[in-house]
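A short write-up of the structure that comes next.
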């Protein structure tokens, strides 16, 4: 019989990480990250300019994926050289900053799927980061957001799209819980994005044919839900072939629409079609095929299957290796960090951090910019509640994760313009109407649960009208202009006109806010070691550094000054007391001048009231003296003790730290110390006063213990402490003598 | 100066033209020559497959949206017989879409081997 585990294990079992599933490797099921016994050895045999053997398979045994890659995916001019390279030597090329990106790209073009997978599997985590830093196509990193909600509410979609654009996302991806709503969502997000910022690409992920139709109408500006799979069986189950996908890819390009394909570990395992191959090998086939069909980019890194990869050993490493393969094949990487892969905040951060630090064309292929419950793709690895964390991580490491702080003051106004624009467009195009109350609720809503319940049929009606009437982005731009939303009209038209130029069809293209295309062509990544590659501009660095929570000394000075009062007043030089019952409360130089509130939130005068009451309870006389010459608490307390008739003093800093001192002790000694100022309460200060009184009478009171907290109390208060010290120091004068302060009671 | 599919210069594609009702769908469509030029750019940037895609796309600019959607549908698994695919390829070739025609013929051969014909 199994005994119950010890308390330590029972406690650990309760931690969030143990909600995750961890799988034993099962190569037969494809539950294996980097290597499976069934993975083929790399091979390539060319006869008469045709591939006669690919990764151990003769031409006659090729499945459709092999056939397409063999015919289109391998540069036979370099294949001999590339396939002959030793794997370790090849892996070093990925990492060595002295080897140009172009050289890696040239050689990888001649590698078979098994060869590339074998090379990338050799890269350890820090090497994957180096490879990503060097090999991504675009110099400037970027990020993509999900914008969806449970109700397909157009007002909230628009407000949230504008918000995401304000936070810096350059691509917004929406989808629908109800397929037929898709055109309405596309219009709402397109309008909201245009209100938020110029040049934001918009996508609505739905079934392939519907996505293409919306793209052709200009209701969305890029496509991503063009799935590739690593085995023929799963590919066909997905109702496509390499040729249908190649044709679809050209269909998008024929209308000037940006697109990328989507793949990633776990999909084949989940569909029981992995053929016993490793995740990395199957994904290498997808990436080879993506290049072969002429797609400019790939969303991978275990998209819907991320948690499958994360369940096996080295799975998270495999996810990042997928992105590096895309980059090495000279394609845009939209690098996963999409579906939530763990219940543990530590694990999901661990999964993303190397990619955030290395930088990717799109770090997240869907940062859930909305509430988890509103994310119709399912919760993302990063969600609305994590935006401030992401901004802090960018700032901590000094890296560009694609986001910036949206000014909280202007967000209400921005969301207001977004919902008004949608109302006006829906009205003008006969798609429906909304009440002022609905608008107001959408502006303020943190998520769809804060909305007035919407009429689901109204959204469906709007979507059907958009489809039936064949509305296009020109109709939207015109409606925006006619209802006075000139700027949004310009932006919607600009995204439409961009198709005529087609510059954003090139690899890894985004628009900046001046509608310049940043891509492999216009903004190539030329990282070659320290001092090269992407560095944020001064303006961008200021955005990264300037989180809304940052506070300076001046902010604190103003906050303290707002609490200034006149209950403490100087009353001349302090003299030596003679009454043996007298205890002196020494306060620091800033008290009554610049510092009015302690870190616990108690006002200094309220702390003094408690100390005085405590002393009075013990029948002591109290005097308040400001020690002007030093900000050191020990010296403040000792000075007070030396002035006191009893020889007992209390030292109190403006920030709330307090101690009891005695005149014969060295400065750094004391009788009791309250060091944890943020956690002190009025009752504790009263007890400190009481104890000081008992010391004055020669008793030995039970010391009051510092309250214990396991919170990151220092993280919370250290910036305030530093600023308070500055305020105190500004008031200190080493030559100034202590002075008595009078304490007047609060006026009722 | 880049021209739209309709021939209108890209510089004329303004909001004021839009509100004068001077813009139609073909004024905001990409011209096949532009796609050929983008193909040349892709080729120069070490991606001949992307270039090939743009060249197929240039051919497809001559096809209506519903034609593109139905060609895509015909290429999905088990939608078409060998004869139907051959006919589609001939139709594409007859309208100058020789790269797309070749793609369809290649698909037909592969589908025949792998049991993906209707």
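The values are calculated or read from the model by the stated rules, or taken from the named source; none is laboratory data. Everything numeric in this text was worked out from a predicted model, so none of it was measured. In this analysis, Cβ positions are derived from the backbone assuming ideal geometry, glycine residues included, and neighbour counts consider all displayed protein chains.
What to note about this one:
- Residues of segment B:20-62 satisfying the condition of being farther than 20 Å from residue A:245 by Cα, at the interface with chain A (Cβ under 7 Å from one of its Cβ atoms), without any contact (Cβ under 8 Å) to a residue 12 or more places away in the chain and outside any loop (DSSP other than H, G, I, E, B): B:25, B:41
- Residue, nearest to the other protein chains (Cβ to nearest Cβ), within segment B:63-80, restricted to residues that are surrounded by fewer than 14 Cβ atoms within 10 Å (Cβ to Cβ) and assigned to a loop (DSSP other than H, G, I, E, B): B:78
- Filter result (surrounded by 14 or more Cβ atoms within 10 Å (Cβ to Cβ) and closer than 18 Å to residue A:480 by Cα) within segment B:1-44: B:13, B:14, B:15, B:17, B:18, B:19, B:23, B:25, B:28
- Residue among A:81, A:103 that is within 14 Å of another protein chain (Cβ to nearest Cβ), more than 19 Å from the chain's Cα centre (by Cα) and not in a loop (DSSP other than H, G, I, E, B): A:103
- Residue A:247 modelled with pLDDT of 95 or more, more than 8 Å from chain B (Cβ to nearest Cβ), more than 28 Å from the chain's Cα centre (by Cα) and surrounded by 21 or more Cβ atoms within 10 Å (Cβ to Cβ): no
- Within segment A:112-142, the set of residues being touching a helix residue (DSSP H, G or I) at 6+ places or on another chain (Cβ under 7 Å) and within 14 Å of chain B (Cβ to nearest Cβ) comprises A:135, A:137.
- Within segment A:224-244, the set of residues being more than 9 Å from chain B (Cβ to nearest Cβ), modelled with pLDDT of 95 or more and touching a strand residue (DSSP E or B) at 6+ places or on another chain (Cβ under 8 Å) comprises just one member, A:228.
- Which numbered condition residue A:219 misses (of (1) over 26 Å from residue A:39 (Cβ atoms); (2) facing chain B (nearest Cβ under 9 Å); (3) part of a loop (DSSP other than H, G, I, E, B)): (2)
- Residues that are under 23 Å from residue B:42 (Cβ atoms) and assigned to a helix (DSSP H, G or I), drawn from segment A:467-522: A:495, A:496, A:497, A:498, A:499, A:500, A:501, A:503, A:504, A:505
- Across segment A:67-78, the qualifying residues are those that are without any contact (Cβ under 8 Å) to a residue 60 or more places away in the chain and assigned to a helix (DSSP H, G or I), and the one among them that is surrounded by the most Cβ atoms within 10 Å (Cβ to Cβ) is A:70.
- Number of the condition not met by residue B:16 [criteria: (1) within 7 Å of chain A (Cβ to nearest Cβ); (2) in a helix (DSSP H, G or I)]: (1)
- Restricting attention to segment A:183-215, the residues that are within 16 Å of residue A:456 (Cα to Cα) and either surrounded by fewer than 22 Cβ atoms within 10 Å (Cβ to Cβ) or modelled with pLDDT under 95 (or both) add up to 0.
- Wholly within segment A:252-325, helices (runs of 4 or more DSSP H) carrying at least 3 residues that are over 19 Å from residue A:519 (Cβ atoms), in contact (Cβ under 8 Å) with a residue 12 or more places away in the chain and within 14 Å of chain B (Cβ to nearest Cβ): A:279-293
- Against the criterion of being within 29 Å of residue A:522 (Cα to Cα), in contact (Cβ under 8 Å) with a residue 24 or more places away in the chain and facing chain B (nearest Cβ under 7 Å), residue A:492 does not qualify.
- Residue among A:529, A:502, A:470 that alone is facing chain B (nearest Cβ under 10 Å), surrounded by fewer than 17 Cβ atoms within 10 Å (Cβ to Cβ) and in contact (Cβ under 8 Å) with a residue 60 or more places away in the chain: A:470
- If the condition is being part of a loop (DSSP other than H, G, I, E, B), touching a helix residue (DSSP H, G or I) at 6+ places or on another chain (Cβ under 7 Å) and closer than 30 Å to residue A:388 by Cα, then segment A:404-439 contributes A:404, A:405, A:406.
- Every condition in (1) assigned to a helix (DSSP H, G or I); (2) in contact (Cβ under 8 Å) with a residue 40 or more places away in the chain is met by residue B:118 except one, and the failing one is (1).
- Inspection of segment A:591-600 identifies no residue that is surrounded by fewer than 20 Cβ atoms within 10 Å (Cβ to Cβ) and in contact with a strand residue (DSSP E or B) (Cβ under 6 Å, 6 or more places away or on another chain).
- Residue match in segment B:97-113 (condition: part of a loop (DSSP other than H, G, I, E, B) and in contact with a helix residue (DSSP H, G or I) (Cβ under 8 Å, 6 or more places away or on another chain)): yes
- Single unsatisfied condition, residue A:699 versus (1) closer than 28 Å to residue A:718 by Cβ; (2) assigned to a loop (DSSP other than H, G, I, E, B); (3) at pLDDT below 95: (1)
- Residue count, segment B:1-13 (criterion: part of a helix (DSSP H, G or I) and more than 9 Å from chain A (Cβ to nearest Cβ)): 2
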